[in-house]
Amino acid sequence: MTEAASPQDSPARGFLTPEPGRGGLASWIFSTDHKRIGLLYLTCIMTLFAVGVCLGLLMRLKLMTPGNTIIAPQTYNAAFTLHGVIMIFLVVIPSIPASFGNILLPLQLGASDVSFPRLNLFSWWLYVTGALVALVSIFTGSGAPDTGWTFYVPFSERTTTNVSVAVLAVLILGFSSILTGLNFITTIHQQRAPGMSWRRLPLLVWSLYATAWIQVLATPILGITTLLIFSERVLHLGLFDPSRGGDPLLYQHLFWIYSHPAVYIMILPAMGVISEIIPVFAHKKIFGYKMIAFSSLAIAFFGSLVWAHHMFTSGMSDVAVLVFSFLTFIVAVPSAIKVFNWLSTLYKGSISLEPPLLYSLGFILMFSIGGLSGLVQGAAGADIHVHDTYFVVAHFHYVIFGGTGLGMFAAMHFWFPKIFGRMYHRGRAAWAFGIIMVGMNTLYFPMFVMGLEGMPRRYYDYLPQFAHAQFISTVGSWVLALGLLLMFHNLYAGLRRGAPAGPNPWGAATLEWSVASPPPKENFPEPPVVSKGPYDFAPREHHV
Amino acid sequence: MSEKAKDYAGAKLGMWLFLFTEIVLFGGLFLLYAGYLHRYRADFHQAARDLNTLLGGLNTVILLTSSLCVALAVTALERGRQGQCLLSLALTVALGLGFLVNKFFEWSAKFSHGLYPGSAHLHQLPPGQEVFFGLYFAMTGLHGVHVLVGAGLLSTVTLMVRRGRVRQEDFVILENAGLYWHVVDLIWIFLFPLFYLIT
Ligand SMILES: [Cu+2]
């Protein structure tokens, strides 16, 4: 396969072909084609990701030196709140399921679309509405929200900033997420092609299935929680107000009953992506298919029972602390099962170190560091020391940026030739990966150290003893931004001028690779009949 | 969805999942209720005396009857009796609106006694009673919104039945709307004893 090709020999455009009779934009934003909706999501998510990154860079720039620099304390509070709200609710929660899930789920099942295509479009519109309302909350009222993305009471009830509008945005986004989950569960049950038994489902589908159940069963709790904050502020119900008999602790319970399972909404689909990529580039059947599929469900189940590990310092009975601490350790088991299975798949495989595999290996490294540091906080005793410090920030960014983020990038590099029919420059993709890894670790690893030394999160200023680590961390943020720029530029260049990729450049065996790239509008010209598993690879015929 | 064969089981599955989410939505409030009942048992008993059991009971009967009506509407259409179906649906919507009218009078009576969210009178009561009324307004209010949405949904379906868009061969929309109404009813079945009968 050659990297350089003249722009003339463009591949057939499949579902990307402009529709006759409909204006350019309208043929996208009113399309019920799951692939187009998936790309709409991808575009929005990446745009908002850029916004979130800029906010993060701004905070790091402020924290580079101690004292009152660049931005005022109130602006800083708004910056970390918006960074959190945008990254969590607009980027990471929808990330892989709404974009790649939408594009790939029907293709991997051998279906022509999801079960409810119009509902699918509706949920994208809800997402856009939620994003716009979030935008409104920043620029109207008396100042952007400053509570942090957790909206903890009593502060969120009393602050004069625009929290009421922000929680409405979260409510709308939650509804969008529920509808996507509902659609996916129904699709997986109803739209499988003949021969696509549950044991032949690609592991990405299994992970989307587990994710969808969490979306459906946990997100309504976020709905009621945000609705309650709104009513507390507007109607003064007093349900969380101690002066009226309410209990702020119950708010924390409600919030985390959703928000802990939500981290599995974030990470499970990325694990599914990794499970797809590793066997393809090891050219070897996945090791422990059943255990990987089962562990997704186990994570979804146990992950719903551990929420109060965020509240060890908030006030709970010792029994409750021990139970939640124990259950938190249990969740680590299915996560570890996945990691061991991936490594066993690589073992004695015929490995080709292509960009998707590089990003997957990055995922495994970062997720392992992040996951193991999570156990430090899951342990009731150690948590007292690191609670609400930079340690938590480091842990979360290792798991979610190093995990879900790199998983998303891996997906982008893996399915890019499928979706757009072109290939990016693979050497540059590898370089971008290297720079991102260096930047990420330089940015976040010092935070582990600062956290252990007692640097509290969300503080505007810090003691001189943290100056060195803060400085290194900020330099890391620049390196990371550089890597991201290189990566996105490379993908964009591939989109415009990449060589035609052909239907199956990686030699993968799941159904989406059996159709043209980009896939035709109707997905499968002939309804497929499945007769083999998702990782039964053909003998290798090409060398890359 | 019209271009492909109608997936009856899929439509039902999707609706059931949606109903789960409704129940979990209220579940958050039931959780708060449980927590506060545990803490303020005596206050809850005392505050519940202020609620009008007769009006609450009447509303329970109204909703149960309306649930029966919507079930009859589904059966009627299944047997091809469009007229009977329309009549039952109209009755269901009327009963739903009756519930809301009743609720309106109940709430106005409370308001005129100075019992409304954030009121000064409420603030003078013991904290447990204030929380009780906070929950009362939050839960019956959210339920009321659901009754309103359900009535709107059933009205739309009534129109669709009249125009023949929902008919004997294809009535899954009516069935799903009926399921939604049953869930709204079911939630009230739990709200009623928790607020009116725990005196
Ligand atoms: Cu957690």
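The values are calculated or read from the model by the stated rules, or taken from the named source; none is laboratory data. Predicted model, so just to flag it, every value in this text is computed and none were measured. When we count neighbours, we look across all protein chains shown, and the Cβ atoms used for this are built from the backbone with ideal geometry, even at glycine. Each accessible area value is taken on the protein alone, full model and side chains, heavy atoms only, with ligands, DNA and RNA left out. Shrake-Rupley method; radii C 1.70, N 1.55, O 1.52, S 1.80 Å.
If you go through the stretch A:316-333, how many residues are away from the ligand (no atom under 16 Å from the Cβ) and either open to solvent by less than 30 Å² (accessible area, probe 1.4 Å) or not in a helix (DSSP H, G or I) (or both)?
1
Can you tell me which of (1) more than 11 Å from chain B (Cβ to nearest Cβ); (2) touching a Pro at 6+ places or on another chain (Cβ under 7 Å); (3) over 30 Å from A:Pro527 (Cβ atoms) is the one A:Leu237 doesn't meet?
(1)
Which of (1) over 30 Å from A:Tyr152 (Cα atoms); (2) at pLDDT 95 or above; (3) small (Gly, Ala, Ser) is the odd one out, the single condition A:Ser350 does not satisfy?
(2)
Determine, yes or no, whether B:Gly152 is in a helix (DSSP H, G or I), of a type outside the set (Val, Ile, Thr), within 14 Å of chain A (Cβ to nearest Cβ) and surrounded by fewer than 21 Cβ atoms within 10 Å (Cβ to Cβ).
Against the criterion (in a helix (DSSP H, G or I), of a type outside the set (Val, Ile, Thr), within 14 Å of chain A (Cβ to nearest Cβ) and surrounded by fewer than 21 Cβ atoms within 10 Å (Cβ to Cβ)), B:Gly152 does not qualify.
Got a sec? Which of A:Phe471, A:Phe524 is in a loop (DSSP other than H, G, I, E, B), touching a residue at least 24 places away in the same chain (Cβ under 8 Å) and of a type in the set (Phe, Trp, Tyr)?
Of A:Phe471, A:Phe524, the one residue that is in a loop (DSSP other than H, G, I, E, B), touching a residue at least 24 places away in the same chain (Cβ under 8 Å) and of a type in the set (Phe, Trp, Tyr) is A:Phe524.
Scan the stretch A:337-349 and tell me whether some residue there is of a type in the set (Gly, Ala, Ser), open to solvent by 10 Å² or more (accessible area, probe 1.4 Å), away from the ligand (no atom under 16 Å from the Cβ) and without any contact (Cβ under 8 Å) to a residue 60 or more places away in the chain.
For the stretch A:337-349, residues of a type in the set (Gly, Ala, Ser), open to solvent by 10 Å² or more (accessible area, probe 1.4 Å), away from the ligand (no atom under 16 Å from the Cβ) and without any contact (Cβ under 8 Å) to a residue 60 or more places away in the chain: present.
What number of residues in the stretch A:114-151 are open to solvent by less than 20 Å² (accessible area, probe 1.4 Å), assigned to a loop (DSSP other than H, G, I, E, B), within 14 Å of chain B (Cβ to nearest Cβ) and of a type outside the set (Gly, Ala, Ser)?
Final tally of qualifying residues: 1.
What is the residue count in the stretch A:256-297 for residues that are surrounded by fewer than 24 Cβ atoms within 10 Å (Cβ to Cβ), within 16 Å of the ligand (Cβ to nearest atom) and more than 13 Å from the chain's Cα centre (by Cα)?
Qualifying residue count, the stretch A:256-297: 4.
Return only the number of the condition from (1) part of a helix (DSSP H, G or I); (2) within 16 Å of the ligand (Cβ to nearest atom); (3) more than 14 Å from every other protein chain (Cβ to nearest Cβ) that A:Pro356 does not satisfy.
For A:Pro356, the exception is condition (2).
Give B:Leu87, B:Leu68, B:Leu63, B:Leu58 a once-over and let me know the one that is under 30 Å from A:Leu237 (Cα atoms) and free of Cβ contacts under 8 Å to residues at least 60 places away in the same chain.
Answer to the check: B:Leu58.
Can you tell me which of (1) out of contact with any strand residue (DSSP E or B) (no Cβ under 8 Å at 6 or more places or on another chain); (2) open to solvent by less than 20 Å² (accessible area, probe 1.4 Å) is the one A:Ala430 doesn't meet?
(2)
Would you mind stating whether A:Trp198 is free of Cβ contacts under 8 Å to residues at least 24 places away in the same chain and more than 8 Å from chain B (Cβ to nearest Cβ)?
Yes.
What number goes with the only condition from (1) without any contact (Cβ under 8 Å) to a residue 24 or more places away in the chain; (2) within 19 Å of A:Leu361 (Cα to Cα); (3) hydrophobic (A, V, I, L, M, F, W, C) that A:Leu485 does not pass?
Failed condition: (2).
Which of (1) in a loop (DSSP other than H, G, I, E, B); (2) within 16 Å of the ligand (Cβ to nearest atom); (3) within 14 Å of chain B (Cβ to nearest Cβ); (4) of a type outside the set (S, T, N, Q) is the odd one out, the single condition A:Leu305 does not satisfy?
Tallying (1) in a loop (DSSP other than H, G, I, E, B); (2) within 16 Å of the ligand (Cβ to nearest atom); (3) within 14 Å of chain B (Cβ to nearest Cβ); (4) of a type outside the set (S, T, N, Q), A:Leu305 fails exactly one: (3).
Residues checked against (1) within 30 Å of A:Leu58 (Cα to Cα); (2) open to solvent by 20 Å² or more (accessible area, probe 1.4 Å):
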{"residue": "A:Glu453", "(1), (2)": "yes, yes"}
{"residue": "A:Tyr460", "(1), (2)": "yes, yes"}
{"residue": "A:Gln465", "(1), (2)": "yes, yes"}
{"residue": "A:His468", "(1), (2)": "yes, yes"}
{"residue": "A:Asn490", "(1), (2)": "yes, no"}
{"residue": "A:Pro503", "(1), (2)": "no, yes"}
{"residue": "A:Trp513", "(1), (2)": "no, no"}
{"residue": "A:Glu526", "(1), (2)": "no, yes"}
{"residue": "A:Pro534", "(1), (2)": "no, no"}
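Scan the stretch A:168-195 for residues that are in a helix (DSSP H, G or I), of a type in the set (Gly, Ala, Ser) and away from every other protein chain (no Cβ under 14 Å) and report the count.
So the count comes out to 1.
For the stretch A:363-382, state whether one or more residues are over 19 Å from the mean Cα position of the chain (by Cα), surrounded by fewer than 21 Cβ atoms within 10 Å (Cβ to Cβ) and away from the ligand (no atom under 16 Å from the Cβ).
Within the stretch A:363-382 (the criterion being over 19 Å from the mean Cα position of the chain (by Cα), surrounded by fewer than 21 Cβ atoms within 10 Å (Cβ to Cβ) and away from the ligand (no atom under 16 Å from the Cβ)), the answer is yes, since at least one residue qualifies.
Conditions tested, residue by residue: (1) surrounded by 24 or more Cβ atoms within 10 Å (Cβ to Cβ); (2) at pLDDT 95 or above.
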position: A:Val163; (1), (2): yes, no
position: A:Ser177; (1), (2): yes, yes
position: A:Phe184; (1), (2): yes, yes
position: A:Gln191; (1), (2): no, no
position: A:Arg199; (1), (2): no, no
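Could you name every one of the helices (runs of 4 or more DSSP H) located completely within the stretch B:1-91 that has at least 3 residues being open to solvent by 80 Å² or more (accessible area, probe 1.4 Å) and within 14 Å of chain A (Cβ to nearest Cβ)?
B:8-39
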